[in-house]
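Let me begin by presenting the structure, written as structure tokens, before commenting on it.
The values are calculated or read from the model by the stated rules, or taken from the named source; none is laboratory data. Being a predicted model, the structure only gives us computed values, none of them experimental. Heads up, the Cβs are rebuilt from the backbone with ideal geometry, glycines too, and the neighbour counts pull from every protein chain shown. Side chains included, ligands, DNA and RNA excluded: accessible areas come from the protein's heavy atoms. Shrake-Rupley method; radii C 1.70, N 1.55, O 1.52, S 1.80 Å.
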Amino acid sequence: MAKNLAQRLNNLHHKADWLGIREVKETTQTSIARNGKFENNSTTFDHGLMIEVLVDGQFAYCATDNMSDQALQVACDRATQLAKHMASWKVFPFNAHHRPTASGRYHSPVQHSLDKASAGEIMEMLVDATQKMKVSDKIVNRMAQALLIDQNITLVSSAGSEIHQHISSVASYLSTTAQEGTEIQTRTTGLSCHQGGIELLNRERLEREAERIGKEALELLNAEPCPTGAYDLVLAPDQLYMQLHESIGHPLELDRILGDERNYAGWSFVQLSDFGQLQYGSSLLNVVFDPTVGGEYASYGFDDTGLAATHQYLIKDGVLLRGIGGIDSQKRSGVPGVASTRASSWNRPPIDRMANINIEPGDTSFDKMIAGIERGIYMTTNSSWSIDDYRRKFQFGCEYAKLIEKGKLTKTLRNPNYRGVTSTFWKNLKMVGDSSTFEIWGSPYCGKGEPNQAIRVGHAVPVCLFENIDVFGGAL
Amino acid sequence: MKNDKRQYQKQDLKALSTLLFQELKADEQMTLSYSGEETLFVRVSQAKVKQVSEVSQGYLTMSLISHHRRTEIAFSLKGEREEDLKYALHMLQKCRQNCETLPEDPYLVLPEAGASSEEDFKGKLPDVEKLAETLLKPAHSVDLAGLFASGLLMRASMNSKGQFHWFSTENFYFDYSLYTSAQKAIKAIYAGNVWKDEAYLANLNQAKNQLALFERTSRKILPGKYRVYFAPAAVAEFVKILSWSGISGGAIMQDRSAFKKLYEGQAHLSPLLSVDEDFTQGLVPRFNEFGDVSALRIPLITNGKLTSPLINRRTAQEYGLQSNAANGGESLRSPLIHPGSLQEDHILQNLGTGLYVSNLHYLNWSDLQQGRITGMTRYGCFWVEKGEIVSPIDDMRFDETIYHFWGEALEALSERTELIPDVCSYGERTLGGVSVPGMMVNDFSFTL
């Protein structure tokens, strides 16, 4: 595909200072079972091209799903025209050096391709998982979902770039609701997201998880409400990844700091002058941008400008070092960034996005962490999230919690929530779990940008302990 | 670009669907839905052009029912009739292969024969050649961020029983915000079908004038309960979240809705509150992806009581309910809150001492069963004393239940509804908007 696209680019008539074509071919299969029955099976075959031109210092884009040579030329001419119309009002004078020349390939680690399982085989697995959730008559609703995505991205440019990336991923989600009288509790597995092949949709794991969440939903019906007050708070990876995403990932995006996102996703409390200076969290906090982790949801070899992706520290020993921003934002801001200019698909221009943003594991085992807590709360699985447009004041809810008393996990707690302010929260990080607590999570639905773009992100984190956090229950 | 998608207006889509339906076997039925657009996007930051892009796209979603089994495949239409037909036939084969392996669908929504419809709304969109100058020259003295979008939007639904529904509209919006040097902001939008330079200038000048209020020193508000006036754009955020685990009939029946208590009569809302799905403005198509056509008005909440949640035919079948032609996700498409009696000129006087909240941000259910929502204030929000604006405020987090602020704490709704256009553009541009008045609420809880 790459060679053909490069030839097609060379055949275009244009007067751009730089020209790129990004072709995206993506198949997305969604399968849902509910209460032991078929609920939905849908597949999307999406295929299109985005032309990017640089004219008079202005980048402009034109996207089409018509793959003919004529349509490609029309798109190229239109993008050139748009760039000329807007060039007098450009936010920054870009030049051809702002698009690297690169060649390479990336492939997700796939054992068995996604098409090795039929729609019926996948549905059967999900139907069976919902049956396993039915551990009691008090279980009133059960749902199982799988999301399979196969994506091919080809990027070529007039400077000779030629990049091909094949990304294969599987996400799964199980949810069960229990009811007794007026009390209703929902327990889920969280959305499990990884790159890989159909081997990730493992029947034994799904059924084991289905039974676990069924039992835990029942347990929550009779659990005490989460208490209110300042507590030591231990966050499991399936909650901590959301905390990382919202209160470190987004505020470090350079386009937010530059003000590009103010009208939609928001700004950031981080200033350009903070890089290299700001003590973002305690000295135990080490955050990396790492699109090279095998199997993590947002791994890749190159971003959508052709910049090679490498492991980089964003925060080291608690100090802010680097932003999440690609070439354009790095040039505009003068701040070091990463290879993170990404588009959600062929029909959107690339912007600064998270990819894999991870917290490095520390050296404390889970048992040792709990043993050191006199009175605290352990929360798992995100259920609610909200944060302001500067990424300061947040509130999160979880599905399931345990009280920690005198170094031991004791009572189960329902409707656990906590809230706080970003800068204080990360400075209250007191222990970081070791590699045995380290888990890979992610999301297919990180929303941002104008026009809006939902993109896949990965987050790998250990269990962490935070002290003196404002915790509360959800009931009135 | 324009020629490509216009080929697929009505006649081409009719021809494609007719040929596809002819290919169906005796025991097969099919519904097709189409969504396409040609859109110009201009992204603005610091009153300069950050990015400009144009997109031409069209997707056909094919839902095949065969032997009580159902599968759905969506794919891009290229705008080349023969090539698209060939690809669509290939997709039909894939649908058949999937159906052979899938279990039966217990709640099939079968295509129905019925009346067809066609609606086209023409627009007058601004000239792209001078667009940047038109948008940005009058804004030269202020820091402006936003998104301009304009173009053609198309939706269609067809089925093998002969129904054909078509809707198209040409429209635009410039959704923007202005900023002071102290990073305080005012939000505005200019939207419609017919662009008028003078109307845009008036819109921009009004926003600029409001920005002057933010030159005053910002005030930090302590957590607690406050009397609050929510302007229509803020009320719209509360309405939007109802599409997510709120007004859906399926969500209520499956115990995953904040309206469960309302549905079962364990809780009630204020008699001042009435909410409809209102299609009379013609902003969105009345047909859904199943080809069902909604009534012009669907009362959802009447004087505080749940008249009917949104129910599609699938939910209706599963739970023995009456469908009101809701879409697949049972989400709001054209909601309206009935206005009240609070005179617009007297809002500040009526508020007395409290908070004027113009916008909200990042709402989420914090306790779904109790109908509790958390979120943030955003943009132009003020502290008001004795009916006078005193100062802008630092953003506050709230955590409050709908059964309180739309219940006993709801004191009044303003006398006029305002249309807040939907500017969502994930994957494609969304149609329509939310029509709401402002609302005066007592004892609203701010927590951080």
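Restricting things to Cα coordinates, could you compute the convex hull volume per residue of region A:202-341 in Å³?
That works out to 177 Å³ per residue.
Mind ranking B:172-185, A:57-70 by how tightly packed they are, going by the mean number of other C-beta atoms within 10 angstrom, highest first?
The packing order, highest mean first, is A:57-70, B:172-185.
Counting Lys and Arg as +1 and Asp and Glu as -1, each charge on the Cβ, what is the dipole of the protein assembly as shown about the Cα centre in debye, to the nearest 20?
760 debye
Give me Rg over Rh for the protein assembly as shown, both radii from the alpha carbons and Rh done the Kirkwood way, two decimal places.
0.94
Looking at the calculated P(r) for region A:378-430, what percent of the C-alpha pair distances fall above 19 Å?
Considering region A:378-430, 39 percent of its Cα-Cα pairs are separated by more than 19 Å.
Go through B:293-304, B:32-43 and give me the packing order, highest mean Cβ count within 10 Å leading.
Those peptides, ordered most packed to least, come out B:32-43, B:293-304.
Considering only protein heavy atoms, what per residue accessible area in square angstrom results for chain A with a 1.4 angstrom probe?
33 Å²
Can you give the average number of partner chain beta-carbon atoms within 10 Å of each beta-carbon in peptide B:371-378, as a whole number?
Taking all residues of B:371-378 together, the mean is 5.
Please compute the average number of Cβ atoms from other chains found within 10 Å of each residue's Cβ in peptide A:201-213.
Per residue, the number of nearby Cβ atoms from other chains is 0 on average.
Would you tell me the mean number of C-beta atoms belonging to other protein chains that fall within 10 Å of each C-beta in B:63-76, as a whole number?
4
With everything on Cα atoms, drop me the angle between helix A:2-11 and the longest principal axis of chain A, reported from 0 to 90° to the nearest 10.
Approximately 40 degrees, to the nearest ten.
Apply the membrane-span-like helix rule to chain B: whole DSSP H runs, Cα extent along the own long axis of at least 15 Å, mean Kyte-Doolittle hydropathy at least 0.0. List the helices found.
Long hydrophobic helices here: B:11-22.
Using only the Cα atoms of region A:330-427, what do you get for the radius of gyration and for Dmax, in Å?
Every Cα atom of region A:330-427 included, Rg and Dmax give 18.8, 55 Å.
Report the Stokes-Einstein translational diffusion coefficient (µm² s⁻¹, integer) for region B:91-152, Rh taken as the Kirkwood radius over Cα pairs, at 20 °C with viscosity 1.002 mPa s.
Stokes-Einstein gives a translational diffusion coefficient of 118 µm²/s.
Taking 2.2 N^0.38 Å as the expected size of a compact globular protein, what ratio does the Cα radius of gyration of region A:263-373 give against it, to two decimals?
Taking the Cα Rg and dividing by 2.2 N^0.38 Å, one obtains 1.21.
Quote the Stokes-Einstein diffusion coefficient, in whole µm² s⁻¹, for region B:305-360, based on the Kirkwood radius over alpha carbon pairs, a temperature of 10 °C and a viscosity of 1.306 mPa s.
Value of D from the Cα-based Kirkwood radius: 107 µm²/s.
Among B:ALA88, B:ALA115, B:ALA139, pick out the residue whose Cα is farthest towards the positive end of the charge dipole of region B:85-172, where Lys and Arg carry +1 and Asp and Glu carry -1 on C-beta, about the Cα centre.
The residue sitting most towards the positive pole is B:ALA88.
Report the Stokes-Einstein translational diffusion coefficient (µm² s⁻¹, integer) for chain A, Rh taken as the Kirkwood radius over Cα pairs, at 10 °C with viscosity 1.306 mPa s.
Rounded, D is 67 µm²/s.
Evaluate the Kirkwood expression for the hydrodynamic radius of region A:191-254, namely the inverse of the mean inverse distance over all pairs of different C-alpha atoms, and round to one decimal in Å.
15.5 Å
Convex hull volume of the Cα atoms in region B:1-124, per residue, in Å³?
Considering the Cα atoms of region B:1-124, their hull volume per residue is 164 Å³.
Full extension from B:GLU118 to B:GLU83: what is 0.36 nm times the residue separation minus their Cα-Cα distance, to one decimal in nm?
So the extension gain works out to 10.0 nm.
Along its three principal axes, how long is region A:1-97 when you only count alpha carbons? Whole Å, largest extent first please.
60, 32, 23
Starting from the alpha-carbon convex hull of region A:80-145, give the projected area averaged over all orientations, in nm².
11.5 nm²
On the first, second and third principal axes, largest extent first, how far apart are the outermost C-alpha atoms of region B:51-138 in Å?
The principal-axis extents, from largest down, are 61, 30, 25 Å.
For region B:222-341, what is the charge dipole size about the Cα centre, in debye to the nearest 20, if Lys and Arg each add +1 at the Cβ and Asp and Glu each add -1 at the Cβ?
Here region B:222-341 has a charge dipole of around 300 debye.
For a bin width of 5 Å, list the pair-distance distribution of region B:97-209 built from all Cα-Cα distances, rounded to whole %.
2, 9, 15, 14, 11, 9, 8, 7, 7, 7, 6, 4, 1
If you split all Cα-Cα distances of region A:416-460 into 10 Å bins from zero, what percentages do you get per bin, shortest first?
18, 27, 44, 10, 0
What is the local net charge at B:ALA185, summed over the other residues whose Cβ is closer than 10 Å to its Cβ (Lys, Arg +1; Asp, Glu -1)?
For residues surrounding B:ALA185, the net value is +2.
Considering every Cα-Cα pair within region B:122-171, what fraction, in whole percent, is farther apart than 17 Å?
57 percent
Go from 0 up to the bin containing the longest alpha carbon distance in region A:116-177, width 5 Å each, and give me the % of pairs per bin.
P(r) for region A:116-177, in whole percents per bin: 4, 14, 18, 14, 12, 9, 8, 7, 6, 4, 3, 2, 1.
Considering the options A:PHE92, A:ASN417, A:GLY160, tell which one lies farthest towards the positive end of the dipole of chain A, charges being +1 on Lys and Arg and -1 on Asp and Glu at the Cβ, about the Cα centre.
A:PHE92
What accessible area per residue comes out for region B:181-258, rounded to a whole number of Å², with a 1.4 Å probe?
Accessible area per residue: 44 Å².
Give the Rg (one decimal place) followed by the Dmax (whole number) of chain B, computed from C-alpha coordinates and expressed in Å.
23.9, 74
Where does region A:308-357 land on Rg(C-alpha)/(2.2 N^0.38 Å)?
So region A:308-357 has a normalised radius of gyration of 1.19.
Return the Cα extents of region B:321-404 along principal axes one, two and three, sorted largest first, each rounded to a whole Å.
Projected onto its principal axes, the Cα set of region B:321-404 covers 51, 29, 22 Å.
May I ask for the equivalent-ellipsoid semi-axes of region B:295-448, computed as the square root of five times each C-alpha gyration tensor eigenvalue and listed largest first in whole Å?
After scaling each eigenvalue by five and taking roots: 31, 18, 17 Å.
What order, most packed first, do the peptides A:125-135, B:257-267, A:307-317 have when packing is the mean number of other Cβ atoms within 10 Å of each residue?
Peptide ranking by packing, descending: A:125-135, B:257-267, A:307-317.
Taking only the alpha-carbon atoms of region A:55-165, what semi-axes of the equivalent ellipsoid follow from 5 times the gyration tensor eigenvalues under a square root, in whole Å, largest first?
That gives 47, 19, 15 Å for the three semi-axes.
Where does region B:272-312 land on Rg/Rh, using Cα atoms and the Kirkwood Rh?
My calculation of the ratio gives 1.01.
Once Lys and Arg get +1 and Asp and Glu get -1 on their Cβ, which of A:VAL74, B:SER243, A:VAL432 lies farthest toward the positive end of the dipole of the protein assembly as shown?
The residue sitting farthest along the positive end of the dipole is A:VAL432.
With axes computed from alpha carbons, what is the tilt in degrees of helix A:69-86 against the longest principal axis of chain A, rounded to the nearest 10 within 0 to 90?
Taking Cα atoms only, the helix is inclined about 90 degrees.
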